[in-house]
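What follows is a single structure, written as structure tokens, with notes after it.
The values are calculated or read from the model by the stated rules, or taken from the named source; none is laboratory data. Note that this is a predicted model, so its numbers are computed, not measured. We place every Cβ from the backbone using ideal geometry, glycine too, and count neighbours over all the protein chains shown. Quick note on the areas: whole protein, heavy atoms, side chains included, nothing else; ligands and nucleic acids left out. Shrake-Rupley method; radii C 1.70, N 1.55, O 1.52, S 1.80 Å.
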Amino acid sequence: MNHEEDILIPVALEIILNAGNAREKSEEAIKYAQSGDFKNAHLYLDKAREMMLSAHHAQTEVIQKETKPERFNLNLLFIHAQDTLMTIRSELNLRREMIFLYEFIHSRVINRNK
């Protein structure tokens, strides 16, 4: 393994792991929202955001090194990690909006039934 791989492979794995965990937490958040448990929905959404932030920080370290004299030959695993991060970030944004919609609909139904 060369120096670039020594740096990029662990970072790529960290990004994939944290982004994947964020996906799982955001899926749990949606399930809570569907059942009307918005406290847990927001709690799990916050956990997902924290995990995405960890993935983003790992990515940012590599990007910052690229702005300095240090250069990397990107490998397929790192490219996959970038793709995973961006896809799950979009999913997280959509799930956040869905939770707000569930909450809005739920509040309307409850108010209508009073």
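When the chain is fully extended, how far beyond the present Cα-Cα distance does Met98 get from Arg112, taking 0.36 nm per residue of separation?
3.0 nm
Given +1 on the Cβ of Lys and Arg, -1 on the Cβ of Asp and Glu, and no further charges, what dipole in debye does segment 46-90 carry about its Cα centre, rounded to the nearest 20?
For segment 46-90, the charge dipole is close to 40 debye.
Write down the accessible area per residue of the chain in Å², having rolled a 1.4 Å probe over the full set of protein chains.
Each residue of the chain exposes 65 Å² on average to a 1.4 Å probe.
Okay, helix-only estimate at 222 nm for the chain: each DSSP H run of n ≥ 4 adds -39500 (n - 2.57), divide by all residues, round to 500 deg cm²/dmol; what do you get?
Calculated at 222 nm, the ellipticity per residue is -31500 deg cm²/dmol.
Within the accessible area of the chain, what % is carbon and sulfur when the probe is 1.4 Å and the other protein chains stay in place?
57
Between His80, Val11, Asn21, whose Cα lies farthest towards the positive end of the dipole of segment 1-105 when Lys and Arg beta carbons carry +1 and Asp and Glu beta carbons carry -1, centred on the Cα centre?
The Cα lying farthest towards the positive end belongs to Asn21.
What is the magnitude of the charge dipole of the chain about its Cα centre, with +1 placed on the Cβ of each Lys and Arg, -1 on the Cβ of each Asp and Glu, and no other charges, expressed in debye to the nearest 20?
That gives the chain a dipole magnitude of about 820 debye.
Sorted by average packing, counted as other Cβ atoms within 10 angstrom per residue and highest first, what order do 24-34, 99-109, 76-86 take?
24-34, 76-86, 99-109
Stokes-Einstein at 4 °C, 1.567 mPa s, Kirkwood radius from Cα pairs: D for the chain in µm² s⁻¹?
The diffusion coefficient I find is 84 µm²/s.
Could you check the simple spin-label distance between Asp6 and Thr60, using points 7 Å along Cα→Cβ, in nm with one decimal?
So the label points at Asp6 and Thr60 sit 2.6 nm apart.
As I understand it, the value is the acute angle between the Cα axis of helix 38-67 and the longest principal axis of the Cα atoms of the chain; what does it come to in degrees, rounded to 10?
That helix lies at roughly 20 degrees to the long axis.
If packing is taken as the average number of other Cβ atoms within 10 Å across a peptide's residues, how do 40-51, 57-68 rank, most packed first?
The peptides rank, most packed first, as 40-51, 57-68.
May I ask you to compute the full-extension gain from Leu53 to Gln34, defined as 0.36 nm times their residue separation minus their alpha-carbon distance, rounded to one decimal in nm?
The span from Leu53 to Gln34 would gain 4.3 nm if fully extended.
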